[in-house]
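The values are calculated or read from the model by the stated rules, or taken from the named source; none is laboratory data. Since this is a predicted model, take the numbers as computed values, not measurements. Positions of Cβ are backbone-derived with ideal geometry, glycine not excepted, and every protein chain shown enters the neighbour counts. Ligands, DNA and RNA are excluded from the accessible area calculation, which covers all protein heavy atoms including side chains. Shrake-Rupley method; radii C 1.70, N 1.55, O 1.52, S 1.80 Å.
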Amino acid sequence: MMRRFFAPLLAVGLLAGVAAHAEDTLSPLRFQSAGTFGSIDLAAAQRGFAVYQGVCASCHGMDALHYRDLQALGLTPAQVAGIAASVKLSDGSAATPDSRFKEPAAMSMSGAVPPDLSSIVAQRAGGTDYIYRFLTGFGPAPAGVTLLPGSNYNAAFPGGQVFMPAVLHDDAVTYADGTKATTAQEAADVAEFLTWSADPNLSARHAVGLRAVIFFVFLAIVAMLTKRRIWRQEG
Amino acid sequence: MQTEAKQGWLASRMPGMSCLCAMLRERRAPGASWLAVLPALLGVLLAVLLASGAVLSVYYNPRQAYASLQGIAHEVRGGWLVLSYHQIGASLAFALLYLKLFHTVLVRGYRAPAEFGWMLWVKLLAVLLLTGWLGFVLDGGAGGYWSLFNATGAAMTLSGFPGAVAMWFFGGPVGGATLARLLVFHVLLAFCAVGIILMARAATRRAQAVPQGRLVAFWPVYAAQYFAALSVLALVFAVLLGFAPHWGLGAQNAIPASTMVVPVSISYPWYLTPVAGLAGVFSGVAGHIWAVIAAVAVLYALPWLDRSGGAPPGRFYMVLTWLLGLDVLALGLVTAFPMGSGLPELLTFWFFFHFLVLTPLVTMMEAA
């Protein structure tokens, strides 16, 4: 009975395990960070940082992050120092690993202010998936939709009109690891990066949680059995 | 022998100590229900809240609430865990308190001589609701800011004595120093809650009939039950901690408060939604505040609204109480996911109707 129940589960688990190692995570789209036991895909998040730095940083700040935090994505201290040194802060000096991410100059596009992206994944219903759909949702407005001046059509944005322009396109960045920079790839990578920044401890949380749950399941079973035994003797 | 000598030494020098020791050594009737464990679990959760709150208060900066919490989650070693302990501890404490109150109403555990204990449990509800709301506000998130903005706005229109109390509490309309002030109340009320829960437990136990027949010692019979209950609570805690740390808290308060952007509607943590829904039905100057006070007051008055004397609860009363539980649940749901107008009004009406009309009528009928 038990085996009959667990065998299909095991098979599904193995299949999922295989899928997690497949190269193509775009069709169908899946994020390694998603799901109960998800963890941050460090390679994708590194690429996502490149997209942020190359494309988004001119408009959006990420004030919760320091350059040194990038070491958590697997960059070496030397690489981080190199990235920081290439950033010119508003007072003209070069950033150091201990600097916070550079704040872009204050701007507004037809009155809309680019939000800080540090925790954007936690702030939007749909999280990572929404960010991906938002970044790939730009396109020509369908017939019958008149856009406000300065706004762009975006299928994922509530109301369909957003003042952020479509900024991602094929080869908007060049990836150091040789991955082909398609629009969808860039959007997925930056979404994974933003997932990490909103919850830098996601992987650790799931690992700690799993261990704690296993421990307390056993403790609860033992405690229940003990209680029943004592109560049968004394109760 | 050794430890008893020590206890005697302490008891003869510190009044109250013998009382504490007696509580643990006291012999009880065997076979108490699992629900009798709730107050102890609630006490454990309050201890978790105080301990995690003590850590948070070291790093929290009320003048930059949002940024300092982000710092706790990102910079402080283990800060994200402590923050989660606090959030989940609060969620579970409310869950257990709601369960405790519901069960007491269901079995009419509020009747004399337990009415004093019941009043303490209702006070605990009032204090925890206020503490929980203050915690929500202290996040520095968009929802909390606008909730506070509305509350102070309403409070400042009060005059006379209520106005003076409101002024003393909020110190005026929301400003840079408001959260620093509210932090003090948040902590103060949390300590009050600990005191109330100890008193409520003692009063509830005193009100129970003196056990007759064969008695058992706390150790090991009840110790085993408490430990089993505690490990199940820890399991639920661990599941939330690892896999649903923000369950029921909503995404809105993750957005930093902005004085420029007014949210269409404020989303509250799940444990405040029934109260928020009830308050939202009443408009006008301080309608919200009076609505909440009235809701707590009818609970407080329950021992006198019940006209049954000593008769055991009848079937009809039980059904009505389950209906009340569903009513409160639904009130929370329609507040969290607004749908169809008129529903919150109907559910709020039923809440007061249940206590002010149905309870006296039905209990009188069933006792006759």
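Between the stretch A:56-114 and the stretch B:236-280, what's the alpha-carbon centroid distance in Å? Spelled out, the Cα-based centre of one part sits 30 Å from the other.
Shape of the stretch A:31-120 from its Cα gyration tensor (a ≥ b ≥ c, root eigenvalues): rounded if a/c is under 1.5, otherwise prolate when a/b > b/c, or oblate? Cα axes put the stretch A:31-120 in the oblate bin. With a 10 Å cut-off around each Cβ of B:241-249, the average count of Cβ atoms from other chains is 4. Each label point was placed 7 Å from the Cα along the Cα-to-Cβ direction; for B:Ala40 and A:Leu42 their separation is 4.5 nm.
Mean silhouette area of chain B, derived from the convex hull of its C-alpha atoms and averaged over all directions, reads 22.2 nm².
As a calculated quantity, the FRET efficiency between B:Arg25 and A:Arg229 at R0 = 35 Å, using C-beta atoms, amounts to about 0.95.
Computed from the Cβ-Cβ distance with R0 of 25 Å, the FRET efficiency linking A:Asp177 to A:Ala94 stands at 0.45. Modelled spin-label separation between B:Ala154 and B:Leu106, with each label point placed 7 Å from Cα along the Cα-to-Cβ direction: 3.1 nm. For the protein assembly as shown, pairs of C-alpha atoms spaced more than 47 angstrom apart make up 26 percent of the total. Against chain A, whose longest principal axis comes from its Cα atoms, helix A:202-234 is set at around 20 degrees. Candidate cross-link partners of B:Lys123 among the lysines, defined by an alpha-carbon separation under 27 Å and a same-chain spacing of 8 or more, comprise B:Lys100. Taking every full run of DSSP H in chain B, the ones that stretch at least 18 Å from end to end by Cα along their long axis and average 1.0 or higher on the Kyte-Doolittle scale are B:38-59, B:79-106, B:115-138, B:178-207, B:223-243, B:287-300, B:315-336.
Note on surface exposure: B:His186, B:His246, B:His354 rank B:His246, B:His186, B:His354 by accessible area, highest first, 1.4 Å probe.
In chain A, helices alone account for a calculated mean residue ellipticity at 222 nm of -14000 deg cm²/dmol, with every DSSP H run of four or more residues adding -39,500 (n - 2.57). Shielding value for B:76-85 is 2, the average number of Cβ atoms from other chains within 10 Å of each residue's Cβ.
What does the helix-only formula give at 222 nm for chain B: each DSSP H stretch with n ≥ 4 adding -39500 (n - 2.57), the total divided by the residues, and the result rounded to the nearest 500 deg cm²/dmol? So the calculated ellipticity at 222 nm is -22500 deg cm²/dmol.
Return one whole number: the accessible area per residue of the stretch B:270-368 in Å², for a 1.4 Å probe. The answer is 52 Å² per residue. Modelled this way, with points 7 Å down the Cα-to-C-beta line, the labels at B:Leu346 and B:Arg63 are 5.1 nm from one another. At an R0 of 22 angstrom, the distance between the Cβ atoms of A:Gln79 and A:Ala34 translates into a FRET efficiency of 0.20. What separates the Cα centres of the stretch B:291-352 and the stretch B:196-223 is a distance of 30 Å.
The stretch between A:Ser110 and A:Val208, if pulled fully straight at 0.36 nm per residue, gains 30.7 nm over its current Cα-Cα span. Using heavy atoms of the protein chains and a probe of 1.4 Å, the accessible area assigned to A:Met224 is about 70 Å². Normalised by residue number, the volume inside the convex hull of the Cα atoms of chain A is 217 Å³ per residue.
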